[in-house]
Every structure is written in C-alpha cells, then in structure tokens.
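Asker: Please read through the structure below; I'll follow up with questions.
The values are calculated or read from the model by the stated rules, or taken from the named source; none is laboratory data. Remember, it's a predicted structure, so these values are computed and weren't measured experimentally. We place every Cβ from the backbone using ideal geometry, glycine too, and count neighbours over all the protein chains shown.
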DNA sequence: ATCAACGAGATTGTTGACAAGATGTTCCGA
DNA sequence: TCGGAACATCTTGTCAACAATCTCGTTGAT
C-alpha cells in the first residue's frame, strides 16, 4: 500500500486526476466535489485536495463557494464564445510571430502535420486528427516564442474541454476545419506573417460560428434542476 | 487590539497589502517574503498569509519555490514586452467590441475622460493623468462586455506595476500618449470598430517601443566603439 | 587562505483534532 | 398536505504544535 499523497506531489496529482475525470465525463458540471471523498478516492490527504481545488479554481475549472465547497463550474455558450474570442486574438499573435521566427525543424514538423492531417481526414481517423489538431496549435504557440501567450492560452482552454468534445463530434467537422488548418500551416511555413494571422482568425471565427450554432435555438426552455 | 485576520478575509487583505507594497516600492523584486513576518506585520494568521501567497503566485506576482519560500518575482524587459503584446491584442478586441456595444452613458464618460486628459496634460497634473489613463482602459474593457478578456487583462497587469512606474516617469511621455488615448476615445465614441482596434494597437505598439528603448539605450544601430 | 563538514537557528510543510457553518430529516401543529 | 422548528449529520475552516528542510555562520583540516 503506497503512502498517501501529500503536499506538492498530491496537489498536482489530484488536480490532474480531476482534469482528466472532467475530460472523460466522469465529472459533470455542477457536481459537488467533497474534499473527503476526493482524498479517499485518490489516496491523498485532505490538505492536498484543498490545494488542488484552489489551483483548479484559479484555472476557473471549478468554483469554490465559501463554507459550501467546490463544484465543477458550468460554462455557458456565451462564455465559451468569449473564451474563443480571446483565444482568437492570442493565436493570431502567435501565428504571426511563428511565421517570423519558426526554425527549420518547426516548419518541417508543421508540414508533416499538414500531410498527416489530410491523411487522417481521408481515412476517417477522428482521434488521430484530433491529436494532430492539438499538436498543431501547440507547435504554433511554441514556435512563436510567446511564453506569456502560451500560459494564457493554456488557462483559456481549461474550462473549454466540454465544448471541444461537443464540437469535435459534429459530423463533417474535420472536413470543414481541415482547409483552415492547412491555411495556417502554409502561411507559417511560408513565413507570411499577415496571412498566418488571417488564417488563424478565420479558423477561430469559424469555431465561434459553430459555438453559436450549438446554442439552443429555443433558449427560453429551462432545463430541470437536479 | 483587533482580532487576527483569518481565512478568506485575511487572504484578500494580505494579498492586497502586498500588491500595494509592491506598487509603492516597499517591496522590490527578489525580496524574500517570510510567512511569519508578513503575518506579524499585517496582523493575520500564517494560514491566511500562505493562501494569499498562493494567490499572488497564481497571478505571477510572486514566485514560490518549494521549501524555500516566496520571493517577489523579477520581470525581465523581454517578458514585459510579451505581456504588452498580449495586452495589445486583447485590448484591440475590447476596443472593437466597445465601439460596437458601449451604451450612451459609457460613451459620455469616455468623452469626459478625453477632455479631462487634455486638461491634465496642459496643467502638468501627472497623477491625475495617470488615474484617467487607468480609468480609460478599464472603461473600454467594461464597455466591451468581454468578461473573459477583462479577467485576463487583470492578470497580465499584475506583474507590470514596476514597469508602468518606470515608463510613466519618462519626461514627455504623457504628451506623447495623449493623442493615442484621444484616438481610442474618438473611435469608440464614434462607433468605428476597426478604427478603435487600430488606435488601441498603435497605442500599445508605442508602449512596446518605449519598453524596448528602456532596455537597451544603444541598440544595434550604434556599433560598439573601438 | 580555501574548502568542506557541521550544527544552531530560521522557515516552510504537514497533521490531526476541533470549531463553525450548511444540509438534510423528522416530527409536530394547523 | 403543508410549513417550519428542532435536531442530527455532513462538510468545510481554523489552529497550534510538530516535523522536515534550508540557511548561514563557525570550525577545523589541508
């Protein structure tokens, strides 16, 4: 039997575990996160759980109400749009700088991602496409050298997991986003900074349109409270 | 004797106190922040101080090294530039949206700030100008309705206090920034979204130039003397 | 004079128990 | 049946003491 996770180690572990549970649907928005239960199920001390919850609250993944505990935060479609607007301008910045500063290896990997993406869409390999998508955004940010933007983009993505899930599953979505991704790659690899910014903007504006479309056309209906 | 500050209240109070101490120069980058000392001098418990330090670390104002304590984080000029680049794109976004969505009262207050700023520069009232400047940026963000951008801009500004101080003191700086601020105001009040974004970009690009100038007084233009 | 080992004091990290507040349940009267 | 008062339980917040680790000055050997 391993020792209970404590302090910095447990904090990181529990926070990651909760993030993962959210991604995989084990935790749903609104759900209560009871310190003792989490401590028990992850084999950590309550102190470690408390600190992990503080971290997640700073990332706006959970919401802590004093004396009432933590719950998984619900993100409205409106907020998801605002988050994506912020992502848009920050990724434009990164794309622009990446087009200017990316080194040979980074441009080569971008090109490789482009061809792999085409292949993935042609094969209907959804999860491979999703992984390439993630790596693409990551690589553009990395190539830009904009550490500050990188950190903030990470934070922005935190609460979005649920929406990424919903959007990626829309039929025909990969076929729609592929040319947008390829445009970003071409501009960055070709060193055309303004085109890179435009391509990133076009891509994220399209994501925003998708989010708008995913909002219920009949918003007056109130869902039942659990 | 008042009771010791504890929990949420003390946490907020201590964090604010440290932020203020940084602004006023009582704390300098690199300085150690010892939990017991802070608890004593602010009349809070060590627990409250610990939590406040966690918050400040999340804002990247202090740096916590495990088992070694917290120090005031030093921000390099390079990082200040990156921060300002991010501010630039986010404030462009807000300016654009503010031009579209600001209500009558907000436009009126913006106009008032414009005339007050002219007056302040004419009078040499530097601190009044600085306050107006802050209010201007705040109001544009508020009028944009972009809550997510607002939160991230707040975070971005945290580590910048020191540089704002240095830049604002440069002689002739207010006279230089005044027309840029007026351009932002005119565009937002006039409802010209693209112009608002351009004006915000121009202003912050100028701030970046100032930061660069403050970094190396002898850039590559002047070769080293033999 | 230099350097490594040492140790006292300082500082952060952790724990477990308890206090304070919130939530849920039962039961009574109308 | 409904409302709500009284109680029991659950959950978070707080604290003080202790443990673990680091810092820095001292000492002694080379």
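Asker: Please state which one of B:198, B:162 is in the same structural domain as residue B:97 (by TED's automatic domain parsing) and under 17 Å from the mean Cα position of the chain (by Cα).
Answerer: After applying the criteria, what remains is B:162.
Asker: Six or more apart or on different chains, Cβ atoms under 8 Å: show the pairs whose first residue is in the stretch A:87-110 and at the interface with chain B (Cβ under 10 Å from one of its Cβ atoms) and whose second is surrounded by 22 or more Cβ atoms within 10 Å (Cβ to Cβ) and not in a helix (DSSP H, G or I).
Answerer: That search, which allows pairs on different chains as well, returns A:93/A:146; A:94/A:146; A:97/A:146.
Asker: Now for a separate question. Would you call residue A:61 farther than 16 Å from residue A:5 by Cα, more than 12 Å from chain B (Cβ to nearest Cβ) and away from DNA strand D (no atom under 13 Å from the Cβ)? Quick ask: steps written out before the conclusion?
Answerer: Numbers: farther than 16 Å from residue A:5 by Cα: yes; more than 12 Å from chain B (Cβ to nearest Cβ): yes; away from DNA strand D (no atom under 13 Å from the Cβ): yes.
Judged against the criteria, residue A:61 is a match.
Asker: Of all residues in the stretch B:143-173, which are part of a helix (DSSP H, G or I), surrounded by fewer than 20 Cβ atoms within 10 Å (Cβ to Cβ) and away from chain A (no Cβ under 14 Å)?
Answerer: Scanning the stretch B:143-173 gives B:161, B:162, B:164, B:165, B:166, B:167, B:168, B:173.
Asker: Oh, and also: Of the numbered conditions (1) surrounded by fewer than 19 Cβ atoms within 10 Å (Cβ to Cβ); (2) within 24 Å of the chain's Cα centre (by Cα); (3) within 14 Å of chain A (Cβ to nearest Cβ), residue B:67 fails exactly one; give the number of that condition.
Answerer: (2)
Asker: Continuing with this model, one more query. Output yes when any residue across the stretch A:2-12 is at pLDDT 95 or above, part of a helix (DSSP H, G or I) and within 16 Å of DNA strand D (Cβ to nearest atom), and no when none is.
Answerer: Step one: list which residues in the stretch A:2-12 are at pLDDT 95 or above, which gives A:11-12.
Subset that is part of a helix (DSSP H, G or I): A:11-12.
Pick out the ones that are also within 16 Å of DNA strand D (Cβ to nearest atom) and you get A:11.
Yes, some residue in the stretch A:2-12 is at pLDDT 95 or above, part of a helix (DSSP H, G or I) and within 16 Å of DNA strand D (Cβ to nearest atom).
Asker: Now for a different question. Scan (1) under 27 Å from residue B:151 (Cα atoms); (2) within 13 Å of DNA strand D (Cβ to nearest atom); (3) not in a loop (DSSP other than H, G, I, E, B) for the single condition residue A:67 breaks and write down its number.
Answerer: Among (1) under 27 Å from residue B:151 (Cα atoms); (2) within 13 Å of DNA strand D (Cβ to nearest atom); (3) not in a loop (DSSP other than H, G, I, E, B), the lone unmet condition for residue A:67 is (3).
Asker: Residue check: is residue B:72 more than 11 Å from chain A (Cβ to nearest Cβ), within 16 Å of DNA strand C (Cβ to nearest atom) and closer than 21 Å to residue B:152 by Cα?
Answerer: When the stated conditions are applied, residue B:72 passes them.
Asker: Please determine whether any residue of the stretch B:85-100 is under 30 Å from residue B:179 (Cβ atoms), more than 23 Å from the chain's Cα centre (by Cα) and not assigned by TED's automatic domain parsing to the domain that holds residue B:21.
Answerer: yes
Asker: Search the stretch A:14-35 for residues being free of Cβ contacts under 8 Å to residues at least 12 places away in the same chain and in a helix (DSSP H, G or I), and hand back the single one that is nearest to DNA strand C (Cβ to nearest atom).
Answerer: Checking each candidate, the answer is A:16.
Asker: Taking residue B:78 as the residue in question, decide whether it is assigned to a helix (DSSP H, G or I) and away from chain A (no Cβ under 14 Å). Walk me through how you get there before you give the answer.
Answerer: Working: assigned to a helix (DSSP H, G or I): yes; away from chain A (no Cβ under 14 Å): no.
So residue B:78 fails the test.
Asker: Restricting to the stretch B:41-53, name every residue that is within 14 Å of another protein chain (Cβ to nearest Cβ) and more than 9 Å from DNA strand C (Cβ to nearest atom).
Answerer: If the condition is that a residue be within 14 Å of another protein chain (Cβ to nearest Cβ) and more than 9 Å from DNA strand C (Cβ to nearest atom), then B:48, B:51, B:52 are the ones that fit.
Asker: With the structure loaded, tell me whether residue A:115 is closer than 26 Å to residue A:175 by Cα, more than 12 Å from every other protein chain (Cβ to nearest Cβ), away from DNA strand D (no atom under 16 Å from the Cβ) and assigned to a helix (DSSP H, G or I) or whether it fails that test.
Answerer: Taking the combined requirement at face value, the residue satisfies it.
Asker: Same structure, new question: For residue A:38, state whether it is outside any helix (DSSP H, G or I), on the phi < 0 side of the Ramachandran plot, within 16 Å of DNA strand D (Cβ to nearest atom) and away from chain B (no Cβ under 14 Å). Give the steps one after another, and end with the answer.
Answerer: On the way: outside any helix (DSSP H, G or I): no; on the phi < 0 side of the Ramachandran plot: yes; within 16 Å of DNA strand D (Cβ to nearest atom): yes; away from chain B (no Cβ under 14 Å): yes.
So residue A:38 does not fit the description; no.
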